[in-house]
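In what follows, a single structure is set out as structure tokens and then discussed.
The values are calculated or read from the model by the stated rules, or taken from the named source; none is laboratory data. Model, not experiment: these values are computed from the prediction. Note that we place each Cβ from the backbone using ideal geometry, even for glycine, and neighbour counts take in every protein chain shown.
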Amino acid sequence: MSDPVAVVIADDHPLFRRGLRASLEGDEGIVVVGEAETGEQAVSLALELQPEVVVMDLQMPSTNGVDATREIVRESPHIGVLVVTMFEDDDSVFAAMRAGARGYLLKGADNEQIVRAVRTIAAGEAIFGAAVATRLIAYFAASPSAPTRAFPQLTARERDVLELIAQGCGNPEIARRLVLSPKTVRNHVSNIFSKLHVLDRAEAIIKARDAGLGRAIESERT
């Protein structure tokens with residue numbers, strides 16, 4: 001009989017980790033060898049315990065799931081990372097894939113799907129949930145000449161706020177320009193950080209400018 005598949009669970013919600021552990025260990029061929037509640041812990045445990053699979057959330061404290069995945073795969077390429085998250089936007093899916101994730105499921109997948117995904121990744125294959133697979137097919141089926149709008153997961157107002165962040169505006173200036181309350185601006189900024197998987201304003205500015213935002217201020221200066 002083959003050894004059970006060793007798994008590390010990385011998620012900052014204790015109830016989700018507990019439920020996922022119960023689901024995975026309900027299969028006699030899987031054993032959970034560790035749990036992490038931050039991206040930094042996920043990397044540390046993965047490199048120490050060398051599991052076959054790490055089940056990874058994307059939005060976590062200290063180090064996000066994409067960066068944690070990238071570091072794990074760089075240091076231990078044989079470890080398969082299965083992303084299990086609430087985010088299904090193109091940016092999240094492709095960021096995880098570029099980081100080296102072999103699978104991507106949405107939270108809400110049933111126990112059987114998660115167990116099957118863990119076994120599939122442990123066998124060296126890739127697997128994606130139906131909703132994510134549909135997005136991948138649509139993305140690659142699209143005309144290559146069609147322009148891709150940056151950050152489609154953001155609302156129109158969040159894009160306005162991000163544009164001003166990329167121009168170097170602080171929250172008071174954003175509130176003045178968009179005629180919003182300071183609290184509303186703070187909420188928009190928090191949502192933007194979460195959706196873009198960045199930890200602070202500096203990271204958001206870099207990501208936004210890489211996508212072509214913030215050019216208006218540059219034009220004014222030239």
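For segment 171-218, which helices (runs of 4 or more DSSP H) that fit wholly inside it have 3 or more residues that are within 21 Å of the chain's Cα centre (by Cα)?
Helices (runs of 4 or more DSSP H) meeting the threshold: 182-196, 201-210.
Six or more apart or on different chains, Cβ under 9 Å: which pairs go from a residue in segment 68-83 that's of a type in the set (Lys, Arg) to one that's at pLDDT below 95? Could you list them?
From residues that are of a type in the set (Lys, Arg), the pairs are Arg70/Arg98; Arg70/Ala99; Arg70/Gly100; Arg74/Gly100.
Restricting the search to segment 175-211, which residues are of a type in the set (Lys, Arg) and in contact (Cβ under 8 Å) with a residue 24 or more places away in the chain?
Listed by number, the residues that qualify are Lys195, Arg201, Arg209.
If only one of Ser190, Ser181 is farther than 24 Å from Met86 by Cα, among the hydroxyl-bearing types (Ser, Thr, Tyr) and modelled with pLDDT of 90 or more, which one is it?
Ser181
Is it true that Arg177 is under 20 Å from Phe151 (Cα atoms) and charged (D, E, K, R)?
No.
A quick yes/no check of all residues on (1) within 27 Å of Lys207 (Cβ to Cβ); (2) in contact with a Lys or Arg (Cβ under 9 Å, 6 or more places away or on another chain):
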residue	(1), (2)
Ser44	yes, no
Val53	no, yes
Met56	yes, no
Pro61	yes, no
Arg70	yes, yes
Thr85	yes, yes
Ser92	yes, yes
Ile114	no, no
Ile121	no, yes
